[in-house]
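Q: The structure's right below; bear with me while I get my questions together.
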Amino acid sequence: MTFLKYVRDHYLDLLFFVGCLALTNLILWLQPQQLITASDLLYLDLLLCLFFGLYFASTYWRKRHWYREIQLRRAAQADSLNWRLDQTKTYAEQYTATYINQLLDYHQQSLEQLHQQNQDQKEFIAGWVHDIKVPLAALQMLNETYREQLPEKAAYQMTDELTRINHYVEQVLYYSRLDAFSQDYLIQEHALTPLIKQVIRENAAYFLHKKIHFELIGADETVLTDEKWLVFILNQIIANSLKYTADDGHITVKLSHDQHGVNLKISDDGIGIPEEDQARIFAKGFTGSNGRQSNSNATGLGLYLAQQLSIKLGHQLSVASVVGQGTTITLHFPFLSYYNDEFGQQVR
């Protein structure tokens, strides 16, 4: 707090002093037994003002450390929630500090309870996902065993539904692990072509059922990434393309590189994304007009998870789309620049 603001806060004290000074002057001036000249009265007023000014300034100086502590905590913002206020000199400051520290204790207790509840929920979700995978795997085995005995349409529909269930279960599992990403990844060099083919095989039933044509363009590229998380990202993007591409459509994956890094572009000739939705497709829970109008039961989590994991891996995800013509999702893998050589060129 500045001195001017301090003066403004204590203007009533100043008015009280001025009133007392005026009353003293009036009493002395009207005193009939003792004569006092105007110069003497003025001299007395100046002395009183000087003493009061020194007292007022010293009071501000003694409280300045308190205001500085408050200002430091304001500047620290969220970090001040773990910063107790203990440096007090007066009973008033102690009273205020006790209240603030009590609030901090309540906040910490609430935070710990919330963290524990969140941890319990994550453990429950993780346990549920692993438990549900057992009957899901059994259903998939039964489907493969008796698939030939079912009509072709029913067999494809059964496979599609089981794949969709597995896809949603994976979404829940990866969403629960999002906050613990730093404990569950391993960055290594990986060739992109084998990972892309793996994702296509996992979604083969969708491609066959909807007769979607797939094409992989470009030479293989090697990038630094985590295999498991990248496969999940690609799965979310491919699943979206399959969902909004009509039968007999086309999905193309193109690999290329430039001076900035490697680009992986997944393009389809589906219904496209309206321009007003493109800025929000990576937002959590956003399904857009396509998700609301279709019978896809979109959750709005797939592309959100893909974006969040891409950021954590150091990749960049972007979209370009035209309604009625299709959508292209670009996953960019920047080259890592460790230092500059003597000529200012980036060495990777």
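The values are calculated or read from the model by the stated rules, or taken from the named source; none is laboratory data. The model shown is predicted, which means the values in this text are computed figures rather than measured ones. Quick reminder, even Gly has a Cβ in these numbers, built from the backbone with ideal geometry, and neighbours come from all protein chains shown. What goes into the accessible areas is simple: the full protein's heavy atoms, side chains included, and nothing from ligands, DNA or RNA. Shrake-Rupley method; radii C 1.70, N 1.55, O 1.52, S 1.80 Å.
Q: Using modelled amide H (1.01 Å from N, peptide plane; none on Pro or chain starts), what sits under 5 Å from the amide H of His257, excluding residues fewer than 5 places away?
A: Asn263
Q: In addition: Find how much the distance from Gln102 to Leu136 grows on full extension, using 0.36 nm per residue of separation minus their present alpha carbon separation; answer in nm with one decimal.
A: Details: separation 34, 0.36 × 34 = 12.24 nm, distance 5.04 nm.
So the extension gain works out to 7.2 nm.
Q: Here is a follow-up. Scanning the chain for chymotrypsin sites (Phe, Trp or Tyr not before Pro) in DSSP loops with at most 11 other Cβ atoms within 10 Å, what's the longest stretch left with none? Provide the component values of the computation, followed by the final result.
A: Numbers: sites that count: Tyr338, Phe343.
Here the longest run is 1-337.
Q: If you don't mind, another one. Place a +1 charge on the Cβ of each Lys and Arg in segment 1-66 and a -1 charge on the Cβ of each Asp and Glu, then give the dipole magnitude about the Cα centre in debye, rounded to the nearest 20.
A: Using Cβ point charges on Lys, Arg, Asp and Glu, segment 1-66 gives about 420 debye.
Q: Would you please give the FRET efficiency between Leu30 and Trp61, computed as 1/(1 + (r/R0)^6) with r the Cβ-Cβ distance and R0 = 35 Å, to the nearest 0.05? Could you put the intermediate results ahead of the total?
A: Numbers: r = 38 Å, r/R0 = 1.08.
So the FRET efficiency works out to roughly 0.40.
Q: Sorting Met158, Met141 by accessible area (1.4 Å probe), largest first, what list results?
A: Numbers: Met158 90, Met141 125 Å².
These residues rank, largest area first, as Met141, Met158.
Q: Turning to a different aspect of this structure: Answer with one residue from Gly288, Ser267, Thr90: the one whose Cα lies farthest towards the positive end of the charge dipole of the chain, charges on Cβ with Lys, Arg +1 and Asp, Glu -1.
A: Checked the options; the winner is Thr90.
Q: For segment 52-186, report the convex hull volume of the alpha-carbon atoms normalised per residue, in Å³, without decimals.
A: Details: hull volume 21.4 nm³, N = 135.
Spelled out: Cα convex hull of segment 52-186, divided by residues, is 159 Å³.
Q: Which whole-angstrom value gives the distance between the alpha carbon centres of segment 185-251 and segment 71-93?
A: 53 Å
Q: Also: Could you report the accessible area of Glu275 in Å², rounded to 10, computed with a 1.4 Å probe on the protein chains as they sit in the structure?
A: We get 150 Å² for Glu275.
Q: While we're on this one: Measuring from label point to label point, each 7 Å out along Cα→Cβ, what is the His250 to Leu81 span in nm?
A: Rounded to a tenth, the inter-label distance reads 5.2 nm.
Q: A 25 angstrom limit on the alpha carbon distance is what I want to check against. Which of Lys133/Lys254; Lys228/Lys265; Lys228/Lys254; Lys5/Lys89; Lys133/Lys265; Lys254/Lys284 exceed it? It would help to have the intermediate numbers written out before the result.
A: Working: Lys133/Lys254 33 Å; Lys228/Lys265 19 Å; Lys228/Lys254 21 Å; Lys5/Lys89 21 Å; Lys133/Lys265 31 Å; Lys254/Lys284 27 Å.
Lys133/Lys254; Lys133/Lys265; Lys254/Lys284, as the Cα separations exceed 25 Å there.
Q: Ignoring ligands and nucleic acids, what accessible area does Val172 show with a 1.4 Å probe (Å², nearest 10)?
A: Approximately 50 Å² for this residue.
Q: Report the charge-dipole magnitude of segment 1-144 in Debye, nearest 20, computed about the Cα centre from +1 at each Lys and Arg Cβ and -1 at each Asp and Glu Cβ. Walk me through the intermediate numbers first.
A: Working: 12 positive and 14 negative charges, 103 e Å.
Rounded to the nearest 20 debye, it is 500 debye.
Q: Helix 91-146: angle to the longest alpha-carbon principal axis of the chain, degrees 0 to 90, nearest 10?
A: 0 degrees
Q: Viscosity 0.692 mPa s, temperature 37 °C: give me the Stokes-Einstein translational D for segment 118-197 in µm²/s, with Rh taken as the Kirkwood radius over C-alpha pairs.
A: Values: Rh = 15.2 Å.
In µm²/s, the coefficient is 216.
Q: So what does log10 I(q)/I(0) come out to for segment 70-133 at q = 0.13, 0.15, 0.19 Å⁻¹, using the Debye formula with one equal point on every Cα and no solvent?
A: For segment 70-133, the Cα-only Debye profile gives -0.53, -0.61, -0.78.
Q: Moving on. Find the Cα radius of gyration of segment 1-57, compare it with 2.2 N^0.38 Å by division, and give the number to two decimals.
A: On the way: Rg = 14.0 Å, N = 57, 2.2 N^0.38 = 10.2 Å.
Normalised by 2.2 N^0.38 Å, the Cα Rg of segment 1-57 equals 1.37.
Q: OK, next. Sort largest first and round to whole Å: the equivalent ellipsoid semi-axes of segment 180-254, each the square root of five times a Cα gyration tensor eigenvalue. Mind showing how you got there, number by number?
A: Numbers: eigenvalues 127, 43, 15 Å².
Ellipsoid half-lengths, sorted descending, are 25, 15, 9 Å.
Q: Could you tell me which of Leu136, Leu50, Leu30 has its Cα farthest along the dipole of the chain towards the positive end, charges placed at Cβ (Lys, Arg +1; Asp, Glu -1), taken about the Cα centre?
A: Leu30
Q: I'd like the orientation of helix 192-202 relative to the chain: the angle between its Cα long axis and the longest Cα principal axis, in ° from 0 to 90, rounded to 10.
A: 70 degrees
Q: Continuing with the same structure: Pick out, from Gln121, Gln157, Leu255, the residue whose Cα sits farthest towards the positive end of the charge dipole of the chain, with +1 on the Cβ of Lys and Arg and -1 on the Cβ of Asp and Glu.
A: Of the options given, the answer is Gln121.
Q: Rounded to the nearest 10 degrees, what's the angle between the helix 227-243 long axis and the longest principal axis of the chain, both from Cα atoms, 0 to 90?
A: 70 degrees
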